[in-house]
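See structure below.
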Amino acid sequence: MKLLNVKIYGLFGTFNHDIDLNQDERITILTAPNGYGKTIALKIIYSLFNNKFAFFIQLIFDKIVFSFDNNKSLEIVKKEKIEITLKEGNKKIASSVYPSKEIRHTIPSHIIEDFTPPFIRRVGADRWLHELSGERLTTQEILEQYNDEFPDEILERINGNIPKEISSFLKEMSVYFIQEQRLILRKPISDHRMRENVVITDTIEKYSQELSKLIKQKIGEYAQITQSLDSSFPKRLFGQNSHSYSVDELKDKLNNLQEKRQKISEYGLLKLDDDTSLFSNDSIEESETKVLSLYIADNEQKLSVFDALIQKIELFSDILNERRFNFKSIEIDKEKGFIFKTKKGDILKLTDLSSGEQHEVVLLFELLFKVQENSLVLLDEPEISLHVVWQKAFLRDIEDIIKLQKMDIVIATHSPFIIDERWDLTVNLEESEIVQ
């Protein structure tokens, strides 16, 4: 399922936006001066597909219509409450009103405390204090305003009145939002009795750790497959259905295996001597073909565990080393994930990279390692802290990533350098209809 178009009527009581998503290039760029709702348009799409229905309670609009490639559409109309309707053609499939009842009674106060920001403090049975502004809020208002902070299992309880036809439909599409604030992760600790404590993490360090875990996970999968295949090798070798390649085919496949091992070893996933060839491919006897054929088939299966990861690591490294960093380089490390070295070989702290460099690393990592294939990605202001030269190369990088990840992407930007010469990809919200 793919999203084709979003129509937003009465946004801020001022604009009617009509946003066609580019289906051929898979890149759509939203442009406009501040105040026209570029970021809001991204949040509208994200909130719908990630069960953040309370977002629409706070938003000023009349109606939003989402159109899809399967002849279905979903309408959100704001009256006294939020009305959500799923249609196929002109036929209504399901509809709902959100919220159908006061949602505060379904969520215990201590759970609300765990997931709202640390500056929100409960001061009564149904009263909360915003310590930064001094504003006093009801539980209902807290759940509506900070809906984005709650995990999926809590959102399901909040959104329990949404029909299965609508919730199942929305699960058919994965939507990932990369917001403008990308370098710092803040999360309240789970013990609500100590809410003054907040865990603050530098995103680049967290992602480096995540890559290390991913590498080790793949190495573990490789070890399991190796153990299974090696233990059954003799039985399969003497089985009647064992296939044999020709001598020429064997030579080509052995060369390909060695090249693949070399690439995997370059990124530290395996050592070359972990699985070296037992045979020379310079001279292969006919009597060896059956053994070699099975050996090659087994090793192709073992090494295939790394295929997708190596493709992502290779593009990640190439973009940063060949197109970006002039005086430092990235290296993949099994224990650390990724590290950066100066031209002299000194290891840099990840947080010693400039803000522009960190933004570039974090953004590329999210696109390559955190976004699922065939997702719709929403990217807000990719130009933040990036040099003009990097901005002009951005679309080329995105095109390479799209080829690998098969994703669609909607970008909100102020930068003509991000757009470069691709104005054919843009939707200019400044040209939208003004509500009279």
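The values are calculated or read from the model by the stated rules, or taken from the named source; none is laboratory data. The model shown is predicted, which means the values in this text are computed figures rather than measured ones. We place every Cβ from the backbone using ideal geometry, glycine too, and count neighbours over all the protein chains shown.
Residues checked against (1) surrounded by fewer than 20 Cβ atoms within 10 Å (Cβ to Cβ); (2) touching a Lys or Arg at 6+ places or on another chain (Cβ under 6 Å):
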| site | (1), (2) |
| --- | --- |
| Glu25 | yes, no |
| Thr31 | no, no |
| Thr39 | yes, no |
| Phe53 | no, no |
| Lys63 | yes, no |
| Asp69 | yes, yes |
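From the list Ile142, Ile93, Ile84, pick out the single residue that is modelled with pLDDT of 80 or more and under 29 Å from Lys38 (Cβ atoms).
Ile84
Would you confirm whether or not the range 333-352 contains a residue that is small (Gly, Ala, Ser), part of a strand (DSSP E or B) and surrounded by fewer than 20 Cβ atoms within 10 Å (Cβ to Cβ)?
So far as the range 333-352 goes, no, none of its residues is small (Gly, Ala, Ser), part of a strand (DSSP E or B) and surrounded by fewer than 20 Cβ atoms within 10 Å (Cβ to Cβ).
For Ser293, are the conditions met, namely being modelled with pLDDT of 90 or more and in a helix (DSSP H, G or I)?
Answer is no for this residue.
Yes or no: Asn51 touching a helix residue (DSSP H, G or I) at 6+ places or on another chain (Cβ under 8 Å), modelled with pLDDT of 95 or more and not in a strand (DSSP E or B)?
no
Any residue at all in the range 311-326 that is at pLDDT 80 or above, on the phi < 0 side of the Ramachandran plot and in a loop (DSSP other than H, G, I, E, B)?
Yes.
Which one is surrounded by the fewest Cβ atoms within 10 Å (Cβ to Cβ) among residues in the range 158-191 that are farther than 14 Å from Asn50 by Cβ and modelled with pLDDT of 85 or more?
Lys164
Conditions first: (1) outside any helix (DSSP H, G or I); (2) without any contact (Cβ under 8 Å) to a residue 40 or more places away in the chain; (3) within 29 Å of the chain's Cα centre (by Cα). Lys92 passes all but one, so which condition is the exception?
Unmet for Lys92, out of (1) outside any helix (DSSP H, G or I); (2) without any contact (Cβ under 8 Å) to a residue 40 or more places away in the chain; (3) within 29 Å of the chain's Cα centre (by Cα): (3).
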